[in-house]
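Novice: Shown below is the structure under consideration.
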Amino acid sequence: MENWGAVTTREESVFYNNHMSLLEKRRALNIAHEFAHIWFGNLLTTSSWNQFWLNEGFARFMDLKAVDIYSEYDQTEESRFSTLQSALWIDDEPSINPLVWEMRKPSDAYDILNNINYDKGGSVLKLVEDLIGNDNMQMVLQTYIRKYQYRNVDSQDFVNTLQEFVNFNATDFLNGFIKQSGYPLISVSQIHGRKVSLHKTRFLRMDQAYRDGRFA
Ligand SMILES: [Zn+2]
């Protein structure tokens with residue numbers, strides 16, 4: 001758990017030896033994650049619980065990056081893949097909330113602890129990094145931190161900072177990922193010869209299951 005000036009964790013998350021299994025070695029990610037909150041959570045604090053991905057998505061993005069850079073534990077590709085899979089797995093539920101959403105009642109607060117904020121948030125940031133390059137992403141994050149340190153932030157603050165470094169519309173680009181849930185399923189059907197038609201719908205795992213008759 002992150003606190004201002006203090007990072008606390010369970011003993012079992014710290015002890016390490018070379019005989020540990022791959023799963024146990026993943027504790028490096030947990031430690032890196034909690035340290036990432038010194039910046040994303042403490043130095044910059046979200047303005048509202050409905051911006052929670054600014055804590056958890058950024059910490060997830062940075063824990064993978066830190067372990068990639070500083071650890072001998074070469075697992076980053078596997079972890080990135082499992083992070084993305086986790087995000088896709090939960091984002092295909094019809095009732096899942098987007099990264100930024102309007103909370104209407106106190107019990108909505110329970111929903112912020114789902115993996116959307118962590119794994120979709122981290123994956124969206126990785127997507128941005130892959131799009132603009134490592135060096136640019138580093139400059140975006142450094143600028144974002146310097147500009148808003150000791151303050152509350154919301155998603156638009158990050159989007160505005162990104163806009164300073166890119167020549168596409170950062171709001172249009174990111175809103176599709178952070179303000180709407182789900183992801184598309186593109187169906188291709190052959191009309192005749194080399195002519196095909198493309199049809200886009202939201203991918204829903206359960207919906208497909210119902211159509212397949214796997215649930216009565
Ligand atoms: Zn966290």
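Every read-out reported here was derived from the displayed coordinates using simple, explicitly stated rules and does not represent laboratory data. Source: prediction; values computed, not measured. Cβ placement follows ideal geometry from the backbone for every residue including glycine, while neighbour counts extend to all protein chains displayed.
Novice: As a check on your grasp of the helix formula, calculate [θ] at 222 nm for the chain: sum -39500 (n - 2.57) over DSSP H runs of n ≥ 4, divide by the residue count, round to the nearest 500. The partial results should precede the final answer.
Specialist: Values: 9 runs with 100 residues, N = 216.
Result for the chain, helices only: -14000 deg cm²/dmol.
Novice: At R0 = 25 Å, how high is the FRET efficiency between Ser47 and Leu88 if r is their beta carbon distance? Nearest 0.05 is fine.
Specialist: Efficiency at R0 = 25 Å is approximately 0.35.
Novice: Angle between the Cα long axis of helix 134-148 and the longest principal axis of the chain, 0 to 90 degrees, nearest 10?
Specialist: The answer is roughly 60 degrees.
Novice: Using a Cα distance threshold of under 18 Å, what count of lysine pairs results for the chain when pairs must be 8 or more residues apart or interchain?
Specialist: 5
Novice: Additional query: For the chain, state what percent of all Cα-Cα pairs lands in each successive 5 Å bin, counting from 0 Å until the bin that includes the largest distance.
Specialist: 1, 6, 12, 16, 18, 16, 12, 8, 5, 3, 1, 1, 0, 0
Novice: Same structure, new question: Which distance in nm do the two modelled labels at Arg202 and Ile69 give, with both placed 7 Å along the Cα-to-Cβ direction?
Specialist: Distance between label points: 3.7 nm.
Novice: Mind checking the angle between helix 53-70 and the chain's longest principal axis? C-alpha axes, 0 to 90 degrees, to the nearest 10.
Specialist: With both axes taken from Cα atoms, the answer is about 70 degrees.
Novice: I've got another one for you. Would you mind checking the tilt of helix 76-91 against the longest principal axis of the Cα atoms of the chain, expressed as 0 to 90 degrees and rounded to 10?
Specialist: Once rounded, one gets 50 degrees.
Novice: Return the distance in nm (one decimal) between the two label points of a simple spin-label model at Thr8 and Ser189, each offset 7 Å from Cα along Cα→Cβ.
Specialist: Taking the two extended label points, one gets 5.9 nm.
Novice: Now for a different question. Can you list residues from other chains, or at least 5 along the same chain, whose modelled amide H is less than 5 Å from the amide H of Val153?
Specialist: Thr45, Thr46, Ser47
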